[in-house]
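*Asks:* Structure provided below as structure tokens; questions to follow.
The values are calculated or read from the model by the stated rules, or taken from the named source; none is laboratory data. These figures come from a predicted structure and were not determined experimentally. Cβ placement follows ideal geometry from the backbone for every residue including glycine, while neighbour counts extend to all protein chains displayed. We work out accessible area using only protein heavy atoms, side chains counted, and drop any ligands, DNA or RNA first. Shrake-Rupley method; radii C 1.70, N 1.55, O 1.52, S 1.80 Å.
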Amino acid sequence: MMVDFREVFNGLPSATALVRSHSRGASTVVAVNPAFVRLTGRPETAIVGADLAMVLPGVKTRQVSSGQDPPRERGQAWFIDATGRRTPVSYEIAHEPAADDLMIVQVREIDASAQNDSAVRASEKLLEDVADNVGALIYLKRADGRYLFANRHYEELLRQPRGVIVGKTDADLWPKDIADVYAANDRAVFAVGHPMEFEEPIPIEDGWGMWLSLKFPIFDGDGAVYGVGGISTDISARARAQAAIREARDEAERANRAKDEFLSRMSHELRTPLNSILGFGQLLQLEDLPPSAGADVDHIVKAGRHLLALINEVLDISRVESGTQALAIERQCVCDSIGEAYEMVRPLAADRGVELVMDLHDSLERYVMADRQRLTQVMLNLLVNAVKYNRPDGVVTVTTEMEDEGHLSILVTDTGVGIAREDLERVFLPFERVGGPDVETEGTGLGLAVARSLVSAMGGGIGIKRSLPGRGTEFFVRLPLSSAPDLEEVAARKLGRGTGQRDTDLTGRTILYMEDNLANLELVRRILDRNGAPHLITATHGQLGLQLAAAHRPDLILLDLHLPDLDGSEVLTRLRADERTRPIPVVVLSADATTARRKQLLASGAVDYVTKPIAVEGLLEAVHRSISVGGRR
């Protein structure tokens, strides 16, 4: 029975075309069956006679030489239907053995869902490869906390394959306290619906670690959050370094507080006995004593003041080193501080047979930016050293010179022992004392160290300009210049300094003194008795002092800070809180000479702060000034 090829060809269920290949690589469609027409959506007349590459773009064919085994070629191509839609297809080409130039091409449409699944798998593989080559943890979790994905770094950390990790929760993988932190942060991201950053703990064998985790919500196609993703980077080294810095800072702050407390306590303990020595010594100087007794008292007061100066130097260097030295840098006439220090050193120079010479023509009415009190302290130190290290009949000269860079230099030159070249910097180190073997001087070796720190804090510099052993030394203090003030400011300053005279009589006044040291009580009583003998009420305890203040309403309260039952600052706070005692001026008398304590008490309501050992004139000026402000009650 003869089989009709055309009938068989047309009855094939798959889209089939008969194609003739040409020597130049072209392939012409000779015939197509109805299934091919239906698949392409084009009429048969539009397909037959066309080049196969035009019908199926992407198809690849090859010529077969006579005698070769007929190969089958497979691949993917596409066609474009009459509407312009591009449809992917797979094809298989069989070469007809009886005719080398004929090929049978069968075409099948590729299922769209299968194609999408393939693309998704390829995309997932790409993302997985990226995640696996990142040095951070990358993970995805469902809303219930179960893992959807974990990268290779996560596998290596937990030493578990991702197939085991996926489907588990943090509670299954981590210690409870760690898992609770992770889960809480996940819930926070789920609730707010936007990325958040967290520092999360890492449990490690040799201590602790820290993740920096960026967590973000995962949205479905409808925009609803269905999970949380995260990228966690190990910042353990950075976190430990920051913790070490915080700990070091806290330790430094604790050390500074301890140092401040030590300075406050030492200031009080050292100054309290000096208060009696210098206070009663000053009272004796006011008496009409025999010449020999007067000289003895002068020696006592002089020795006490020397001891006080040494204590002040130790406290100064401690404050400078701890950064608690407060300065009031203002426009100052440079001649004022030089002149003040000059006058204070004159007696010492006269005793040692040293001539003082001062030539300030270059700085008359010149102003610098400085703290007046501290600049005077620096000049006093330089002048005292110039006298102490000088030779008999030596000379100390103080001059100034202008500089081109907006600075003025104060020069202190002596004719003393000089300083060796190798010691020029050592003289500015704390506790270093430089001099020849025959040089014996009093001091702690702190004066120049304090001076350098003070001048530096005022924006200037201090150093040695020249020195020759056996010939003398020239020190310089370099300070930034300031413009001169107007005449009104100069007049106001001069009026503000006053004459030191007091015109307030203490007769009939009532003064309450809270102090637990009986010697200090007696000293103040005797000072006040010489100035009008006011009615003095004393209290050795803070609570008793508060009761007396409310009952007697004195004109002035003198307050010591170290009372047996209450701290003086607490007493001051209660005085200011009570309407009955609030208007009464309070002057603090304390051996605590620290700047921080002074500022604290003045800010809390004290009108003045007098440091022990008490200078008689200083105490009387504070009393008169405070009573003048408070008025008579």
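*Asks:* How about region 403-426: which of its residues are modelled with pLDDT under 85 and among the aliphatic types (A, V, I, L, M)?
*Replies:* L424
*Asks:* Kindly indicate the residue of region 521-566 that is charged (D, E, K, R) and out of contact with any Gly (no Cβ under 8 Å at 6 or more places or on another chain) and also modelled with the highest pLDDT among those meeting that condition. Spell out how you get there, then give the answer.
*Replies:* Just the residues of region 521-566 that are charged (D, E, K, R), to begin with: 522, 525-526, 529-530, 553, 555, 560, 565.
Among the residues that remain, those that are also out of contact with any Gly (no Cβ under 8 Å at 6 or more places or on another chain) are: 522, 525-526, 529-530, 553.
Values: E522: 87, R525: 88, R526: 86, D529: 86, R530: 81, R553: 93.
Within region 521-566, the match that is modelled with the highest pLDDT is R553.
*Asks:* Across region 399-429, what is the number of residues that are over 22 Å from S453 (Cβ atoms), part of a strand (DSSP E or B), open to solvent by less than 40 Å² (accessible area, probe 1.4 Å) and not polar (S, T, N, Q)?
*Replies:* Looking only at that region, the number is 1.
*Asks:* Residue check: is T272 of a type in the set (V, I, T), in contact (Cβ under 8 Å) with a residue 40 or more places away in the chain and closer than 30 Å to R305 by Cβ? Walk me through how you get there before you give the answer.
*Replies:* Details: of a type in the set (V, I, T): yes; in contact (Cβ under 8 Å) with a residue 40 or more places away in the chain: yes; closer than 30 Å to R305 by Cβ: yes.
Against the criterion (of a type in the set (V, I, T), in contact (Cβ under 8 Å) with a residue 40 or more places away in the chain and closer than 30 Å to R305 by Cβ), T272 qualifies.
*Asks:* Pairs please, first residue from region 557-582 and within 13 Å of Q543 (Cβ to Cβ), second anywhere and hydrophobic (A, V, I, L, M, F, W, C) and at pLDDT 90 or above, Cβ atoms under 6 Å, 6+ apart in sequence or on different chains.
*Replies:* Within 6 Å, the pairs are G568/L559; R574/L546.
Quick grid of which residues meet (1) in contact with an Asp or Glu (Cβ under 7 Å, 6 or more places away or on another chain); (2) in a helix (DSSP H, G or I); (3) not basic (K, R):
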{"site": "D565", "(1), (2), (3)": "no, no, yes"}
{"site": "V571", "(1), (2), (3)": "no, yes, yes"}
{"site": "R580", "(1), (2), (3)": "no, no, no"}
{"site": "R598", "(1), (2), (3)": "no, yes, no"}
{"site": "S626", "(1), (2), (3)": "yes, yes, yes"}
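*Asks:* Among (1) in contact with an Asp or Glu (Cβ under 8 Å, 6 or more places away or on another chain); (2) open to solvent by 10 Å² or more (accessible area, probe 1.4 Å), which single condition is V396 missing?
*Replies:* (2)
*Asks:* Please name all residue pairs, on different chains or six or more residues apart, with Cβ atoms under 6 Å, provided the first residue is in region 541-553 and is touching a residue at least 40 places away in the same chain (Cβ under 8 Å) and at positive phi and the second residue is assigned to a loop (DSSP other than H, G, I, E, B) and surrounded by fewer than 20 Cβ atoms within 10 Å (Cβ to Cβ).
*Replies:* Cβ pairs passing all conditions: R553/R633.
Yes or no, residue by residue, for (1) modelled with pLDDT of 75 or more; (2) more than 17 Å from L619 (Cα to Cα); (3) within 41 Å of the chain's Cα centre (by Cα):
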| site | (1), (2), (3) |
| --- | --- |
| T272 | no, no, yes |
| S276 | yes, no, no |
| G281 | yes, no, no |
| L284 | yes, no, no |
| A293 | yes, yes, no |
| D296 | yes, yes, no |
| I300 | yes, yes, no |
| L307 | no, yes, yes |
| L310 | no, yes, yes |
